[in-house]
Amino acid sequence: MYLSARAIFGIMAIIIALFFLCCVVSLAITGLFVKLPASTPVAKATMRPPPIKIIINHEDIDPALAMASLAGVSDSDVVNQATHKARPGTALATIVYSPEIPAGQAVGYLLLLGENFADRQNLAYTKLSYKLAGTLATLSPDLGDTTRADTFTQIGIGLTKLDEPILAKFYLDQAFLLATESRFLQSARRQAILTNLHQAYVGLNLEQESKDCLKLSMQPAQLENLPEKNLLLPKVQKIAFPPDIQKAEADRWKIAQDVAKGLVELDGTTNSNKIIRLKNALLIEDELKRVFFDEALRNESQLSNKVDIIQSKIIWQSVKYRIATKGFGISLVPEWDDQVNHIRAELKASYEERYQLYHVIAVSIPVADDIVRAEEERIRRQILAGQLGQYPGYPTEQLNSQLFDITRDIAQTQPYTKLHIGHLTVADTKIYAFVKGNVIIHSP
């Protein structure tokens, strides 16, 4: 009996299909018996947290109060005054534009501003304040886990009052994760955080989570208590300016004080002659500092000293950028208003130079584990500056890839580090978050 060509082709097709089916089944069965690694590395995601959209209306800034930053008053003191004088827009603008306010102070101010804006029923600014506070608490290497957990708890409580249950639960879960997993919390602090979380979860009508916190607060986990890790990158030191720049700064302070006084006396109306005097003082100071920074960086060979010089340069360029974008509520230097793109590019370049120096310093550390930790610190600081709006045009995707690569390395080589920086999707938005392995406890 002879088979036709069509029949032979059909039989061969059936045989091939059976062969592939056997292969698939074999692989599946093999997979059931192959033991996977006990700890899998943190996975890289294709979608990463985007930059925070920071929009502050000029009308919400009190020029007379904001001018204090140009009149010799520290930005921290300006924020404190603005907060207590019910000028939350001025306080928020000062935090966003200033690279000088310490992370711990900034977090505290942002929590107060969140409450202040909520009382004014300004939902957009309230959520922005809480989001910035949460980002600081997650990414800043300068904060301890006690501050982080307390910050997350306060944000969760604030968002509960705003009827934002999904976001509120996310932040409470972050505090819970730290309270139950961090090795850097003393037993008493762990207990206090869980007690506060018990009440916070009650506010969200989350009965099981509330019970868990109450039970754990009475019998907190006996985890090894470790001291907070020392930071490895050099701490920035203030530099001393030469006499001509010191005089230019003093002149600008005096004129800015006069402008602020005039704004108060004229109920916000500007005196054109005083504004012109301030503009000229700023232009003189800018030229002196430009020459100084160029020469100082060219002549300095010590890397940590270069970082100090660049940080001072960034502080001044941030002032210029704030002026060019009317971050003081009024136009002060029209020439800079027209050059805003150029000023933004210069500020971005300075940030890139600073973090490139940090990278060189990090890879020169002799201990391999410390190199990885220093690089993680560098990347977190870089992303944080971008998220806060201080580092314009920062390379979001590149830095996110670096962060998750370094997180994977730490998870593989330093297993005693239990919590890592990752990201979660919350209300259709990617948010930086602490994670345990690949799964966060009580994930919303």
Considering only helices (runs of 4 or more DSSP H) wholly within region 52-99, the ones with at least 3 residues that are buried (at least 22 other Cβ atoms within 10 Å of the Cβ) and touching a Leu at 6+ places or on another chain (Cβ under 9 Å) are 75-84, 88-97
Taking A68 as the residue in question, decide whether it is out of contact with any Asp or Glu (no Cβ under 6 Å at 6 or more places or on another chain) and modelled with pLDDT under 95.
no
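Okay, residues lined up against (1) more than 21 Å from Q311 (Cα to Cα); (2) surrounded by fewer than 16 Cβ atoms within 10 Å (Cβ to Cβ):
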| site | (1), (2) |
| --- | --- |
| S210 | yes, no |
| C213 | yes, no |
| P227 | yes, yes |
| L231 | no, yes |
| G262 | yes, no |
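Just a yes or no: is a residue in region 211-225 under 29 Å from the mean Cα position of the chain (by Cα), over 30 Å from Q414 (Cα atoms) and not in a loop (DSSP other than H, G, I, E, B)?
Looking for residues that are under 29 Å from the mean Cα position of the chain (by Cα), over 30 Å from Q414 (Cα atoms) and not in a loop (DSSP other than H, G, I, E, B), one finds none in region 211-225, hence no.
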Count, please, the residues in region 175-217 that happen to be without any contact (Cβ under 8 Å) to a residue 40 or more places away in the chain, more than 26 Å from T417 (Cα to Cα) and not β-branched (V, I, T).
10
Tell me yes or no: at least one residue of region 411-421 is of a type in the set (G, A, S), in a helix (DSSP H, G or I) and at pLDDT 95 or above.
no
Going by the conditions given, is D369 under 22 Å from S140 (Cα atoms) and modelled with pLDDT under 95?
yes
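Being in contact with a helix residue (DSSP H, G or I) (Cβ under 8 Å, 6 or more places away or on another chain) and polar (S, T, N, Q), is that true of even one residue in region 224-244? Don't jump to the end; show me each part of the working.
Step one: of region 224-244, the residues in contact with a helix residue (DSSP H, G or I) (Cβ under 8 Å, 6 or more places away or on another chain) are 225, 228-229, 231-234, 236-239, 241-242, 244.
Filter again for polar (S, T, N, Q), leaving 225, 237.
Yes: one or more hits.
Considering each of D286, D294 in turn, give the residue that is surrounded by 15 or more Cβ atoms within 10 Å (Cβ to Cβ), among the acidic types (D, E), closer than 20 Å to I343 by Cα and more than 25 Å from the chain's Cα centre (by Cα).
Details: D294 fails: surrounded by 15 or more Cβ atoms within 10 Å (Cβ to Cβ).
Selected residue: D286, the only one of D286, D294 that is surrounded by 15 or more Cβ atoms within 10 Å (Cβ to Cβ), among the acidic types (D, E), closer than 20 Å to I343 by Cα and more than 25 Å from the chain's Cα centre (by Cα).
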Could you list, in sequence order, the residues of region 161-184 that are at pLDDT 95 or above and of a type in the set (V, I, T)?
I166
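Taking region 145-177 as the search range and keeping residues that are of a type in the set (A, V, I, L, M) and crowded, with 24+ Cβ neighbours inside 10 Å, which one is farthest from M218 (Cα to Cα)?
Taking region 145-177 and keeping what is of a type in the set (A, V, I, L, M), we get 149, 155, 157, 159, 162, 166-168, 172, 175, 177.
Next, only the ones that are crowded, with 24+ Cβ neighbours inside 10 Å stay: 149, 155, 159, 168, 172, 175.
On the way: A149: 18, I155: 24, L159: 27, A168: 24, L172: 19, A175: 17 Å.
The qualifying residue farthest from M218 (Cα to Cα) is L159.
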Return the only residue of S187, S210 being among the hydroxyl-bearing types (S, T, Y) and at pLDDT below 95.
S187
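The values are calculated or read from the model by the stated rules, or taken from the named source; none is laboratory data. Only a predicted model underlies this, so the values are computations on that prediction, with no experimental measurement involved. Note that we place each Cβ from the backbone using ideal geometry, even for glycine, and neighbour counts take in every protein chain shown.
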